[in-house]
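This report refers to the structure that appears directly beneath it.
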Amino acid sequence: MTKQFDINNLKKYGQNIFSNMMEKATRKYQQKYGFDIGQGNNPTWNNESDAFRHAYMQWWLFNHSNSKYARRLGDEHENTNPNNPSSERNMDLWNNSIGREVAHEIIYENPDDLGLYTDEMLNDMAAEKIVRKMRAGEMITNPNDLRRFENMEMERLNDEDRVFYNGEFSNIKEKVDNRIMSSYLNQAIENNWKIDDKATLDKRVSDGELIYIDNYVKANGKRLKGYYKRCPVR
């Protein structure tokens, strides 16, 4: 993105200095956005500030290297803390993934303009995206959260990303809420009022263009009927 950064150069910072950098950034954006922060010696632990810090750290590493190195460092950090409770590890891995997702979104949304932004401007952009996802409930801010990292794709299903097939609803007004109906109509308009049949969507899945999510019961107990979904930005 803005510059290449050798993963080995992190050694020049040292773990404590790098951690302090992330802590300082977390406090800066906490003051701006007002997300939860604790008191005492561990104010950014098992709360919204913790979630933000992990996501922002992955964004920062991605911005100075790439997704592969960011994930490697994030995973190594979790693996070097064997006594870390599994619930906290789950929370950290989930939020790490959100940070890398934010980085991909910024690239996708600004394919020709990244060079025009300073690091500070990109950091601000990433922080805003992270906070927006946190407020939308897409991040884990408490280790007691029942959502599991390995089920992340299914736990974060978004009706706006749903892809419908022709004949899926015999009477859409009676069978779906207004939000889903709006998504259905927008999809129809975008495709000149043509909705693909199920066989066509199956082929798009095999081509890697779409994902099919099978019937699933979310951690909150909500039952979801299987459906087609756009691939996440990666």
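Rule-based calculations on the coordinates, nothing more; no lab input. These figures come from a predicted structure and were not determined experimentally. Here the Cβ positions follow ideal geometry from the backbone for every residue, glycine too, while neighbour counts run over all protein chains shown.
Can you tell me the relative contact order of region 159-230? Whole percent, Cα pairs under 8 Å, sequence separation 6 or more.
Numbers: 76 pairs, mean separation 24.8, N = 72.
Across region 159-230, relative contact order equals 34 percent.
Could you please tell me the mean projected area of the C-alpha convex hull for region 159-230, averaged over all directions and given in square nanometres to one decimal? Don't skip to the end; give the middle numbers.
Details: hull surface 20.8 nm².
Computing the convex hull of the Cα atoms and averaging its projections yields 5.2 nm².
What ranking do 139, 22 get, fewest neighbouring Cβ atoms within 10 angstrom at the top?
Values: 139 25, 22 17.
Fewest-to-most ranking of 139, 22: 22, 139.
Taking 0.36 nm per residue of separation and subtracting the Cα-Cα distance, what length does fully extending residue 124 through residue 213 add?
Values: separation 89, 0.36 × 89 = 32.04 nm, distance 3.35 nm.
In short, 28.7 nm is gained.
How large is the dipole of region 159-230 about the Cα centre if only Lys and Arg carry +1 and Asp and Glu carry -1, each at its Cβ, rounded to the nearest 20 debye? Please list the in-between numbers first.
On the way: 14 positive and 13 negative charges, 59 e Å.
Roughly 280 debye, rounded to the nearest 20.
Would you order 59, 94 from fewest to most other beta-carbon atoms within 10 Å of each residue's own beta-carbon? List each step's numbers first, then the result.
Details: 59 28, 94 24.
Exposure proxy ranking, most exposed first: 94, 59.
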* **18 Å cut-off, amide nitrogen to a point 7 angstrom out along residue 75 Cα→Cβ, residues in region 140-170** => 149-153
* Rounded to whole Hz, the Karplus (6.51, -1.76, 1.60) HN-Hα couplings of region 92-99, x for glycine and proline -> 5, 5, 4, 5, 4, 5, 4, x
* Can you tell me the Rg and Dmax of region 7-147, counting just the alpha carbons, in angstroms? -> 14.4, 44
